[in-house]
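Take a look at the structure set out below.
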Amino acid sequence: LTAYSEVCTLMSKIDNLDKYYQLKEEESQKLDQSINIARLLYMNSRCTYLDVLMDERDALDAKMELLDAKAQQLSSMVDVYRSLGGGQSSVKEWYWLAKMLVYISCLKNNNYFCSEDIALAIYSLIIK
């Protein structure tokens, strides 16, 4: 019963993080649009370059939060795998699990964060 509730809690966490990720992705897109508008305003002498830089900073912060949300989501997927009894084998199994989680997540979200580097980052989180 404890294992079941733990897995349910983790699956709920993954769903919530997915919703959070989608909201952050939308925020990031809106901030990118804001940068373009600020640049147009600057080119027409309607705002200062500081306004453009502030918008760029906000967009960068949103992208960092987006990456953090993705890392939390992938970490939660690994926690589900562990809760289900996985990972008792070799270190190689963890690497392939991390790589699989990255690619599944990328396919699900249609984004371009798929890379070997992300798989290695998730792998380093797993073996801690």
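The values are calculated or read from the model by the stated rules, or taken from the named source; none is laboratory data. Since we're looking at a predicted model, the values are computed, not measured. Don't worry about glycine lacking a Cβ; one is built from the backbone with ideal geometry, like all the others, and counts go over all protein chains shown. Just so you know, the surface numbers come from the protein's heavy atoms only, side chains and all, with ligands and any DNA or RNA stripped out. Shrake-Rupley method; radii C 1.70, N 1.55, O 1.52, S 1.80 Å.
Observations on the model:
- Put simply, of Ser90, Ser5, Ser76 the only residue that is modelled with pLDDT under 90, surrounded by 15 or more Cβ atoms within 10 Å (Cβ to Cβ) and not β-branched (Val, Ile, Thr) is Ser76.
- In segment 23-43, of all residues being over 11 Å from Asp55 (Cβ atoms) and of a type in the set (D, E, K, R), the one that is most open to solvent (accessible area, probe 1.4 Å) corresponds to Glu26.
- Hits in segment 70-83 (condition: among the aliphatic types (A, V, I, L, M) and in contact with a Leu (Cβ under 6 Å, 6 or more places away or on another chain)): Leu74, Met77, Val80
- The set of residues from segment 9-19 being among the hydrophobic types (A, V, I, L, M, F, W, C), more than 9 Å from Val80 (Cα to Cα) and open to solvent by 60 Å² or more (accessible area, probe 1.4 Å) is empty.
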